[in-house]
Ligand code: FHN
């Protein structure tokens with residue numbers, strides 16, 4: 001091999017396998033980069049793709065759970081799955097309506113599946129024809145969403161699966177795929193494809209790249225570190241979740257060691273018993289039992305449960321990423337809209353008790369509900385007492401306060417002071433006989449420094 005070609009090969013190998021480490025950032029730099037995410041507390045997850053066409057059923061068999069996995073659940077060889085592309089034509093897609101629905105619900109960011117495990121891309125990628133450009137719809141689905149997010153002040157973010165059942169060089173050779181071109185998949189080739197597509201997605205200026213599908217052996221810690229460094233070097237303000245690397249402890253979602261990359265941890269379908277001081281995290285959850293649209297999954301959680309999940313998560317210092325799975329026509333399901341509108345009604349009154357707050361000062365959750373905290377510019381502290389279980393005797397007893405209480409009022413009625421009575425180790429707040437809000441009534445308690 002000639003010297004020049006050897007150097008060329010070496011350089012390519014270096015690009016493929018090891019980007020320079022992202023510059024270590026100071027705490028102040030990290031705070032600046034993560035600031036909007038911490039303030040947001042609430043985002044919309046959107047799982048949308050070809051899997052919305054079968055909508056949980058294949059050859060007359062219904063599947064439960066995450067039906068975005070239907071190609072795997074029904075063991076559909078790529079050759080039989082590919083024709084779905086001719087049926088994906090979301091003529092009723094209205095990106096602006098989706099963004100307004102999210103914004104009204106108090107969601108500050110949207111994470112949409114640019115590519116899920118089946119490899120199908122929601123934008124017209126130059127790297128493949130397995131994308132929306134080859135559907136009857138033809139148009140880029142991400143562009144109108146980016147425009148609507150910019151118009152409404154919502155951060156657009158992308159979920160991007162590392163695992164890719166469609167790409168012949170993806171290293172997990174599941175037999176049902178029937179499309180592995182080579183006896184030994186070339187993961188360097190696959191990684192180059194992955195990076196080239198991510199370069200395309202960076203052009204939309206996403207706030208977060210939300211990786212997933214990192215668990216297969218084909219993806220390694222070394223590749224995860226390289227990809228994190230590659231992306232941060234290209235987009236210094238980008239936030240990347242911990243599923244870019246191999247440190248996640250399953251659905252609990254927290255990293256098992258500091259050597260693993262990722263700016264925040266990702267519990268899935270669960271809320272941790274408590275947050276971890278100094279660790280950013282986000283619980284992603286569904287409204288029913290599937291991420292992608294299912295025509296038969298009607299196991300919808302109540303609006304009250306969804307609001308209380310949001311409060312519980314915020315009281316532990318985390319974010320709530322709540323999922324919708326649009327239909328193949330481009331419609332968010334009615335039950336999802338109904339719940340988002342119910343959340344919007346609660347957030348319209350109580351949003352300040354969620355956005356920009358930090359975790360509860362209490363070591364454990366009080367029997368009456370949850371608490372979120374806001375440090376005031378004057379050094380005082382505002383505690384938001386989210387009361388789930390309203391006291392029948394009109395006396396809300398708060399224990400564990402370490403600061404002197406000054407005033408209390410219903411968040412919905414700031415001008416009406418509530419009577420406070422301090423005891424030896426508790427504070428009693430005189431409250432109305434009936435709970436003003438059956439889902440959660442917020443009392444604002446101003447305390448000293
Ligand atoms: O396999 C995916 C699943 O389809 C879905 O995208 C969730 C959402 O985070 N993540 C994986 C399951 O852990």
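Summarised in one figure, the compactness ratio Rg/Rh of segment 111-164, Cα atoms and Kirkwood Rh, is 1.00.
Sorted fewest first by neighbouring Cβ atoms within 10 angstrom, 45, 37 come out as 37, 45.
Helix 27-40 and the longest principal axis of the Cα set of the chain meet at an angle near 80°. Taking 37 °C and 0.692 mPa s as conditions, segment 347-409 diffuses translationally at an estimated 257 µm²/s according to Stokes-Einstein applied to its Kirkwood radius (Cα pairs).
Quick check: the distance between the Cα centres of segment 89-127 and segment 325-401, to the nearest angstrom? A separation of 27 Å, based on Cα centres. Within the chain, DSSP assigns beta bridges of which about 55% are antiparallel (rounded to the nearest 5). Considering only alpha-carbon pairs that sit under 8 angstrom and 6 or more positions apart, the relative contact order computed for segment 369-447 is 39 percent. Here segment 68-177 is treated as a sphere whose radius is the Kirkwood value from Cα pairs; by Stokes-Einstein at 25 °C and 0.890 mPa s it diffuses with a coefficient of 161 µm²/s. Relative to the longest principal axis of the Cα atoms of the chain, helix 187-202 runs at roughly 50 degrees.
In this entry, segment 175-233 is assigned a mean projected area of 5.0 nm², taken as a quarter of its C-alpha convex hull surface.
Between helix 3-17 and the chain there is an angle of about 30 degrees, using the helix long axis and the longest principal axis of the Cα atoms. Each semi-axis of the equivalent ellipsoid for segment 369-447 is √(5λ) with λ an eigenvalue of the Cα gyration tensor; in descending order they amount to 19, 15, 12 Å.
When 449, 33 are sorted by how many other C-beta atoms sit within 10 angstrom of their C-beta, beginning with the fewest, the order is 449, 33.
Sorted from longest to shortest, the spans of the Cα atoms of the chain along the three principal axes equal 83, 54, 37 Å. With neighbours defined as other Cβ atoms within 10 Å of a residue's Cβ, the residues 115, 62, 316 order from fewest to most as 62, 316, 115.
What separates the Cα centres of segment 158-216 and segment 412-440 is a distance of 53 Å.
With the helix formula -39500 (n - 2.57) applied to DSSP H stretches of n ≥ 4, the chain reaches a computed 222 nm mean residue ellipticity of -8000 deg cm²/dmol. Measuring max minus min along each principal axis, the C-alpha atoms of segment 78-119 give extents of 42, 23, 11 Å (largest first).
Ignoring solvent entirely, what values of log10 I(q)/I(0) come out of the Debye formula for segment 301-449 at 0.09, 0.14, 0.19 Å⁻¹ when each Cα is a single scatterer? Each listed q maps to, in turn, -0.30, -0.68, -1.16.
Here, each number is a calculation from the coordinates, and none is a lab measurement. Since the structure is predicted, the reported quantities are computational estimates derived from the model, not experimental observations. Positions of Cβ are backbone-derived with ideal geometry, glycine not excepted, and every protein chain shown enters the neighbour counts.
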